[in-house]
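Structure record follows, encoded as structure tokens.
The values are calculated or read from the model by the stated rules, or taken from the named source; none is laboratory data. Just so it is clear, the structure is predicted and the values come from calculations on it, not from any experiment. Neighbour counts run over all protein chains shown; Cβ positions are idealised from the backbone, glycine included. In case anyone asks, the SASA skips ligands and DNA or RNA and just uses the protein heavy atoms, side chains included. Shrake-Rupley method; radii C 1.70, N 1.55, O 1.52, S 1.80 Å.
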Amino acid sequence: MAVESRTAAPPAGQGGAALRAQRRALRRSRRYRRDVRWSPYAFVAPFFVFFTVFGLFPLLYTGWSSLHRVSLHDPTAMEWAGLHNYTRLLEDEFFWNALRNTFTIGVISTVPQLLMALGIAHLLNYRLRGSNFFRVAMLAPYATSVAAATLVFVLLFGRDYGMVNWALGLVGLDGIDWQNGEWSSQLAVSSIVIWRWTGYNALIYLAAMQAVPRDLYESAALDGASRWQQFIHVTIPSLRPTILFTVVVSTIGATQLFGEPLLFGGAGGEKGGASHQFQTLGLYMYEQGWFNFHLGRASAIAWTMFLILLLIAAVHWLIVRRLRKSQ
């Protein structure tokens with residue numbers, strides 16, 4: 001006898017519950033797919049919102065203002081000037097003075113800073129007692145505010161009661177009017193930058209040194225190379241990309257130098273001294289916009305600085321490209 005097997009249909013209540021559970025699972029699956037697809041955009045959206053409001057919009061608005069005559073007294077009243085603000089800069093001796101000061105202070109502060117950072121990193125790279133303490137101490141100047149550091153250096157470089165002139169007097173040298181001299185004021189401002197950023201760059205170099213394979217040092221030691229020779233022929237070539245990176249970053253920072261010379265100048269610090277002897281591009285832009293009320297000129301200076309930074313970035317890209325081809 002043939003037995004006919006039949007599957008009993010589930011009760012109506014159970015079938016409805018299964019259908020609702022299937023629908024809920026389908027909705028959860030859709031929500032999960034949407035979450036996977038759109039959540040990354042939601043996480044990065046705040047950055048783009050803040051960048052647009054506080055970065056992109058001011059950049060574009062400054063570029064538009066640089067093509068107009070605009071006064072701080074009435075920033076909404078704009079008179080079209082075309083490239084007048086830019087051509088005027090080419091004829092402005094104070095602009096060229098600020099550009100020259102920015103370059104000299106940048107060189108005076110960047111070269112010793114990176115050389116000292118390289119030497120400190122080389123010392124910390126070897127086993128040294130309390131090396132962790134020294135590594136933390138290297139970041140102390142970087143963590144100090146610009147205002148606090150500059151005010152301390154103003155006291156150190158004081159003409160009458162400064163500790164630097166006191167030390168010069170101990171060795172029989174006359175005191176220096178650090179704030180009013182051209183080279184002396186630039187050296188004083190550069191010393192603040194060197195003090196603040198040497199430790200930061202030293203830790204960057206130290207991290208790069210610790211990534212150099214130890215086999216290279218062992219091979220050099222077997223060949224009779226001293227530590228100095230190992231540093232010159234092994235460490236420096238291995239750190240070439242890192243050194244180039246710190247040079248570019250330090251150059252960009254020097255181009256934007258503002259807080260140190262402003263506070264070092266005291267009252268009227270936006271002029272960079274009585275003879276504008278240490279006025280940088282940042283100070284000149286600040287003086288034109290917020291003291292002379294010429295927002296159009298200040299915007300043109302800002303965009304000129306931006307173009308200089310783009311030029312520095314282009315040179316960096318060309319050098320990196322050439323280094324990659326040579327390897």
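Looking across the range 283-302, the residues that are crowded, with 20+ Cβ neighbours inside 10 Å and either touching a strand residue (DSSP E or B) at 6+ places or on another chain (Cβ under 8 Å) or farther than 19 Å from Leu262 by Cβ (or both) come down to Gln288, His294, Leu295, Gly296, Ser299, Ala300. Residues that are free of Cβ contacts under 8 Å to residues at least 24 places away in the same chain and small (Gly, Ala, Ser) number at least 3 in the following helices (runs of 4 or more DSSP H) confined to the range 213-292: 214-222. Val49 fulfils the conditions (1) open to solvent by 90 Å² or more (accessible area, probe 1.4 Å); (2) under 22 Å from the mean Cα position of the chain (by Cα) except for a single criterion, (1).
Of all residues in the range 141-156, those satisfying the criterion of being closer than 13 Å to Gly269 by Cβ and either under 16 Å from the mean Cα position of the chain (by Cα) or of a type in the set (S, T, N, Q) (or both) are Val146, Thr150.
The residue that is most open to solvent (accessible area, probe 1.4 Å), among those in the range 57-108 that are over 25 Å from His276 (Cα atoms) and among the aromatic types (Phe, Trp, Tyr), is Trp80.
Look at (1) within 17 Å of the chain's Cα centre (by Cα); (2) modelled with pLDDT of 90 or more; (3) within 19 Å of Phe103 (Cβ to Cβ) and you find that His316 fails only one, number (2). Determine whether Ala140 is out of contact with any helix residue (DSSP H, G or I) (no Cβ under 6 Å at 6 or more places or on another chain), of a type in the set (A, V, I, L, M, F, W, C) and touching a residue at least 24 places away in the same chain (Cβ under 8 Å). When the stated conditions are applied, Ala140 passes them. Residues in the range 174-186 that are crowded, with 18+ Cβ neighbours inside 10 Å and hydrophobic (A, V, I, L, M, F, W, C) were compared, and the one that is farthest from Ala149 (Cα to Cα) is Ile176. The residues of the range 118-135 that are surrounded by 12 or more Cβ atoms within 10 Å (Cβ to Cβ), hydrophobic (A, V, I, L, M, F, W, C) and without any contact (Cβ under 8 Å) to a residue 40 or more places away in the chain, listed by number, are Leu123, Leu128, Phe134. So Trp303 fits all but one of (1) free of Cβ contacts under 8 Å to residues at least 60 places away in the same chain; (2) not in a loop (DSSP other than H, G, I, E, B); what number is the exception? Here Trp303 clears every test but (1).
Here Phe258 passes the criteria (1) surrounded by 15 or more Cβ atoms within 10 Å (Cβ to Cβ); (2) out of contact with any helix residue (DSSP H, G or I) (no Cβ under 7 Å at 6 or more places or on another chain); (3) within 30 Å of Thr242 (Cβ to Cβ) except the one numbered (2).
Specify which of the listed residues (Leu60, Leu89, Leu124) is under 22 Å from the mean Cα position of the chain (by Cα), part of a helix (DSSP H, G or I) and not small (Gly, Ala, Ser). Full working, then the answer.
Working: Leu89 fails: under 22 Å from the mean Cα position of the chain (by Cα); Leu124 fails: under 22 Å from the mean Cα position of the chain (by Cα).
Step by step, each of Leu60, Leu89, Leu124 is checked, and only Leu60 is under 22 Å from the mean Cα position of the chain (by Cα), part of a helix (DSSP H, G or I) and not small (Gly, Ala, Ser).
Residue-by-condition table, conditions (1) within 23 Å of the chain's Cα centre (by Cα); (2) open to solvent by less than 50 Å² (accessible area, probe 1.4 Å); (3) over 28 Å from Trp178 (Cα atoms):
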{"position": "Ile204", "(1), (2), (3)": "yes, yes, yes"}
{"position": "Asp215", "(1), (2), (3)": "no, no, yes"}
{"position": "Ala220", "(1), (2), (3)": "no, yes, yes"}
{"position": "Pro237", "(1), (2), (3)": "no, no, yes"}
{"position": "Val247", "(1), (2), (3)": "yes, no, no"}
{"position": "Gly268", "(1), (2), (3)": "no, yes, no"}
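Is it the case, given these coordinates, that Tyr200 is touching a Lys or Arg at 6+ places or on another chain (Cβ under 7 Å), touching a residue at least 24 places away in the same chain (Cβ under 8 Å) and within 26 Å of Pro261 (Cα to Cα)? Spell out how you get there, then give the answer.
Numbers: touching a Lys or Arg at 6+ places or on another chain (Cβ under 7 Å): no; touching a residue at least 24 places away in the same chain (Cβ under 8 Å): yes; within 26 Å of Pro261 (Cα to Cα): yes.
Spelling it out, it is not the case that Tyr200 is touching a Lys or Arg at 6+ places or on another chain (Cβ under 7 Å), touching a residue at least 24 places away in the same chain (Cβ under 8 Å) and within 26 Å of Pro261 (Cα to Cα).
The set of residues in the range 267-285 being at pLDDT 90 or above and in contact with a Leu (Cβ under 7 Å, 6 or more places away or on another chain) consists of Thr280, Leu281, Gly282, Leu283.
Screening the range 155-173 for residues that are in contact with a Leu (Cβ under 8 Å, 6 or more places away or on another chain) and open to solvent by less than 50 Å² (accessible area, probe 1.4 Å) and picking the one that is farthest from Ile120 (Cα to Cα) gives Gly162. Taking the criterion of being within 20 Å of Ala254 (Cβ to Cβ) and basic (Lys, Arg), the only residue of the range 169-219 that qualifies is Arg196.
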